[in-house]
1. Can you give me the % of accessible surface on the range B:1-70 that is carbon or sulfur? Probe 1.4 Å, all protein chains present, nothing else counted.
2. Out of the total accessible area of the range A:11-84 (probe 1.4 Å, heavy atoms of protein only), what percent is carbon and sulfur?
3. With solvent modelled as a 1.4 Å probe, how much accessible area in total do chains B and A shield from it at their shared surface, in Å² to the nearest 100?
4. Over the whole of B:25-32, what's the average partner chain Cβ count within 10 Å per residue? Rounded to a whole number, please.
5. Work out the charge dipole of chain B with +1 on the Cβ of Lys and Arg and -1 on the Cβ of Asp and Glu about the Cα centre, then indicate which of B:I64, B:I47, B:G105 is farthest towards its positive end.
6. Mind checking the mean number of beta-carbon atoms from other chains within 10 Å of the Cβ atoms in A:61-73?
7. Can you quote the Å³ per residue value for the convex hull of the Cα atoms in the range B:1-106, rounded to an integer?
8. For chain A, with every protein chain kept in place, what is the accessible area per residue (1.4 Å probe, Å²)?
Amino acid sequence: NAGVTQTPKFRVLKTGQSMTLLCAQDMNHEYMYWYRQDPGMGLRLIHYSVGEGTTAKGEVPDGYNVSRLKKQNFLLGLESAAPSQTSVYFCASSYSTGVPSYEQYFGPGTRLTVT
Amino acid sequence: DAKTTQPPSMDCAEGRAANLPCNHSTISGNEYVYWYRQIHSQGPQYIIHGLKNNETNEMASLIITEDRKSSTLILPHATLRDTAVYYCIVRGPNFGNEKLTFGTGTRLTIIP
């Protein structure tokens, strides 16, 4: 089991460029999430998905789009990158949000710099 | 979800028990306490969770006070690899409430 993987690990963009971050999980999880973490801060939820073909906004969704065409993949898109989107992006997945088995599994992160 | 308060940093000697406190005075009756940790900018790692009773697993123990307004994560024999930021999170069981609210956590440093 690879768990949760993220591609790429690092990326530098110029302002206005676009890119897509890929998250893949091999645990057959229904739920997937995208977070961002700025220096010295905790993680903030950008978007999430409760199943294939569904997406929903999290805490800080502006400037991002997502798609979940396959259960195992969750894509995060930046259409026009801005310096404020410089951050570390983490993807996570879970079986469901019901307790007591609720636990999110996180990927290693993508470090994005927008100049 | 209830807010949590944690000390910004703590030190602990290697081999000793590390006790990390968390205050959650506004916790509701159906909200769980979760602990995650983040080692050096890696993705967060789940440690343990509990509702009322004390919990123990292979990584740690979780002690929740009787009034549930605070809890303590215990790493029984801390090693250098336990140096990390530890997050205490309170979350209800409601479907549709998908957010894990990460605060700034406690930066635990294990001293050799």
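1. Values: 1700 of 3870 Å².
Roughly 44 percent of what the probe reaches on the range B:1-70 is carbon or sulfur.
2. On the way: 1810 of 3590 Å².
Ligands and nucleic acids excluded, carbon and sulfur give 51 percent.
3. On the way: alone 6570 and 6180 Å², together 10930 Å².
Adding both sides of the contact gives about 1800 Å².
4. Details: counts 0, 0, 0, 0, 0, 1, 1, 3.
Averaged over the peptide's residues, the number is 1.
5. B:G105
6. Details: counts 0, 0, 0, 0, 0, 0, 0, 0, 0, 0, 0, 0, 0.
Mean partner shielding for this stretch: 0.
7. Values: hull volume 10.3 nm³, N = 106.
Per residue, the Cα convex hull of the range B:1-106 comes to 97 Å³.
8. On the way: 5270 Å² over 115 residues.
Result: 46 Å² per residue.
The values are calculated or read from the model by the stated rules, or taken from the named source; none is laboratory data. Predicted model only: the values in this text are computed from it and were never measured. Backbone-built Cβ (ideal geometry, glycine too); neighbour counts: all protein chains shown. These area figures cover heavy atoms from the full protein model, side chains too; ligands, DNA and RNA do not enter into them. Shrake-Rupley method; radii C 1.70, N 1.55, O 1.52, S 1.80 Å.
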